[in-house]
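Remarks on the structure that follows.
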Amino acid sequence: PAPISTISPLTPPPFDRVVGTCLAKEPDDRWQTAHDIAVQLKWIEEGGSAVLPPAIAPAPRRRAARLAPWILALLATSGFAALLVKDRLRPSAPGQVVRFSILPPEKSIFTPPGEHAASQFALSPDGASIAFVASPPEGRPLLWVRRLDSLSAVSFPGTEDASHPFWSPDSRSIGFFTPTSLRRVEASGGVPQKLCDSAAGRGGAWSRSGIIVFADSAATPLFQIPDTGGEPEPVTKLVAARGETSHRYPSFLPDGRRFLYWMRGSKREHQGIYLASLDSQEGRLILKSEAHGIYAPPGYLVTVRQGMLVAYPFDEKNLHLGERPLRVAESIPTGAPPGYAPIAVSPTGLLAYSSAFPRGRELLWVDRSGRRLGNVSESGDFSTPDLSPDEKRVAVSMRDGTKTDSDIWLIDLARGASSRFTFDPGNDRAPLWSPDGSRILFASAALGKLDLYDKPAGGAGEPRLLVTSDEDKFPSDWSADGSRIAFHTFGKGKGNAWDLWVAPLSGGEPRPFIATQFTEVQGRFSPDGRWIAYASDESGRIEVYVTDYPGKRGRWQVSTDGGMQPSWRADGKELFYISPDQAIMSVAVRIGETFETTPAVPLFKVNFPPRVPAYWRYYAPSRDGQRFLVIALVAEAGASPINVVLNWTAALKK
């Protein structure tokens with residue numbers, strides 16, 4: 001369009017430049033924020049009458065003289081802008097090291113990836129913002145963005161249950177995972193866009209060519225997809241000879257073609273940080289490590305070793321790694337989920353990390369109204385409680401001290417005394433008592449991936465391997481007659497979603513019970529063995545369903561506004577589950593030839609830890625359904641800040 005000054009002669013000439021920049025064809029040539037425009041308008045406004053053209057056109061010589069200051073001002077401004085751009089694009093020179101901490105938004109907590117010991121966050125490539133996941137009070141985790149020149153963060157509606165955020169190269173968009181999909185949202189706000197299905201995503205990276213590389217689930221290679229969405233295609237492959245079971249947490253090198261990722265496998269001698277390319281599926285080992293790594297200019301590989309955040313000198317062109325790492329920080333958690341570490345870097349010289357979360361969880365009794373009846377033990381890092389049949393003991397998964405791996409512990413409810421039940425070096429999860437109380441079933445990563453074991457409840461003897469495969473497995477129930485167990489594991493079909501399986505204990509092979517492209521988890525046998533309650537996302541969100549066992553001749557949806565973690569009362573006449581707003585819900589069940597229920601009613605709310613649909617349990621009802629053993633966050637939970645370091649490489653030389 002014609003300049004505004006040709007239509008409205010009284011318009012200040014600099015205003016033409018403001019409007020012209022707004023209308024530039026290339027997005028990078030426009031003003032980048034409303035603040036930029038406000039600065040220009042303020043500058044014009046402060047010029048007063050000096051910026052107004054004369055009512056009568058002067059002679060050419062005088063007009064040139066009057067324009068000269070504006071020309072000089074524009075040249076000066078352009079030169080200053082060029083210097084700013086040049087300075088912004090230049091890697092930060094070593095200078096004064098500045099450290100500060102970012103606390104969660106008011107009345108919110110930083111949300112670990114599920115049951116993990118550290119928060120999730122990502123620094124924007126331009127170093128101006130940080131994206132993180134946090135949970136509002138009694139709400140689901142949301143994606144938040146805080147500009148580092150601001151004291152407040154903004155949450156993004158429509159990003160409920162977000163995890164593992166990552167930025168686009170231009171810092172304008174953010175990728176993230178939900179329990180069922182990979183999505184993107186503009187950093188300026190808007191409605192999130194679904195890119196593809198994904199179950200239990202484990203990190204993503206965005207290349208300059210518009211390709212996103214991501215871990216589709218916890219037990220797959222990496223996939224690539226256009227940043228506009230589409231059908232994912234494998235970009236790495238699992239190597240059986242190395243015992244590889246999962247590729248996760250990718251990050252691109254500066255060329256935008258090669259990327260680092262972390263490999264998990266059954267042979268720990270091959271586990272570590274690998275390098276692959278968009279042009280080849282072959283992976284090359286860079287460093288044996290328990291955590292993923294990130295390339296950081298001007299030439300470092302940042303990772304975590306034995307709880308220390310370290311930087312290895314790294315020549316990314318020749319792939320030469322220095323032998324001696326430089327220490328950056330201490331007490332950094334890893335291993336939950338395997339390979340994850342709460343670290344992020346920006347090419348502008350910023351580094352962010354988080355220390356271990358305080359063990360801020362209570363294990364306590366409450367009645368049907370939510371009234372506290374007393375704590376079972378001191379606060380700790382508890383998960384997946386299960387009451388013994390005689391209700392005298394509870395088996396619970398717990399991390400002890402600074403360990404990143406968890407073990408099974410038994411707590412005597414009368415005395416409050418705790419005793420460790422498992423001792424292997426891997427993670428031990430999700431204990432379940434046998435119906436007669438003689439044995440305890442649990443998942444253990446003793447062989448590199450989570451298999452199913454049981455062990456005498458008295459503690460004597462070695463664990464017995466019950467179910468093994470290449471994928472992680474999580475037990476969810478033991479049938480009342482003790483003849484079979486229910487568990488869920490990753491399927492091989494479209495979407496690599498969780499499937500519900502049943503394994504006989506008296507011989508025979510485990511078989512899938514419900515296996516679709518959707519997630520089916522947390523299967524629970526009814527006390528009479530005729531029904532199985534489970535959670536599925538087939539409707540687009542996690543809901544509780546019931547089907548008859550073993551025929552699957554009918555299916556009934558129990559929850560209507562979201563639900564997970566179903567559990568039966570001992571007589572089978574009541575079914576409980578957790579709603580999205582963290583309420584324990586009750587559904588009365590009428591037993592007959594068909595399954596009948598009354599509408600669900602809320603009993604009470606609990607400040608549960610952040611939820612993961614896959615396998616965690618946060619409560620156990622008493623046999624009569626009048627009391628509930630629950631795990632709740634204490635006030636200090638989630639208080640560990642995100643630590644940010646400016647010019648972090650300068651500290652390496654001290």
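Before moving on, here are some points about what is shown:
- Working from label points 7 Å from Cα in the Cα-to-Cβ sense, the LEU148 to ALA240 distance is 4.7 nm.
- Compactness of segment 442-587, expressed as Rg and Dmax over alpha-carbon positions, Å: 15.4, 45
- With a Förster radius of 45 Å applied to the beta-carbon distance between ARG553 and SER438, the computed FRET efficiency rounds to 0.85.
- Take the Cα of ASP581, step 7 Å toward its Cβ, do the same at ARG324, and the gap between the two points is 6.0 nm.
- Protection proxy ranking of 594-604, 470-480 - average other beta-carbon atoms within 10 Å, highest first: 470-480, 594-604
- Equivalent ellipsoid, segment 482-555 (semi-axes from 5 times Cα gyration tensor eigenvalues, Å): 20, 16, 9
- Equivalent-ellipsoid semi-axes for the chain (Cα gyration tensor, √(5λ), whole Å, largest first): 53, 28, 23.
- Charge dipole (Cα centre; +1 on Lys/Arg Cβ, -1 on Asp/Glu Cβ; no other charges) of segment 100-229 amounts to roughly 120 debye.
- Compactness of segment 178-286, expressed as Rg and Dmax over alpha-carbon positions, Å: 13.8, 46
- Segment 379-522 - Debye-derived log10 I(q)/I(0), Cα point model, q = 0.09, 0.10, 0.11 Å⁻¹: -0.27, -0.33, -0.40
- Those residues of segment 508-541 whose amide nitrogen sits under 16 Å from the label point placed on ASP571, 7 Å along Cα→Cβ: 527-528
- Candidate membrane-span-like segments in the chain, meaning DSSP H helices with Cα atoms spread over at least 24 Å of their own axis and a Kyte-Doolittle mean of -0.5 or above, are 60-89, with no membrane implied.
- Report note on the peptides 586-593, 513-520: ranked by the mean count of other C-beta atoms within 10 Å, highest first, their order is 513-520, 586-593.
- Of LYS455/LYS573; LYS237/LYS288; LYS237/LYS267, those spanning more than 22 Å from alpha-carbon to alpha-carbon: LYS455/LYS573
- Rule-of-thumb Rg ratio for segment 514-654 [Cα; 2.2 N^0.38 Å; N residues]: 1.36
- Segment GLN281-ASP315, extension gain: residue separation times 0.36 nm, minus the distance between their alpha carbons: 10.1 nm
- Theoretical FRET efficiency, 1/(1+(r/R0)^6), r = Cβ-Cβ of ARG368 and PHE100, R0 51 Å, to 0.05: 0.65
- Calculated FRET efficiency for the pair GLU186/SER469, C-beta based, R₀ 30 Å, to 0.05: 0.15
- Segment ASP624-THR33, length gained on full extension (0.36 nm per residue, minus Cα span): 206.7 nm
Read-outs throughout are calculated quantities, based only on the coordinates presented, and are distinct from any laboratory measurement. A quick note: this is a predicted structure, and the numbers were derived from the prediction, not measured. Quick reminder, even Gly has a Cβ in these numbers, built from the backbone with ideal geometry, and neighbours come from all protein chains shown.
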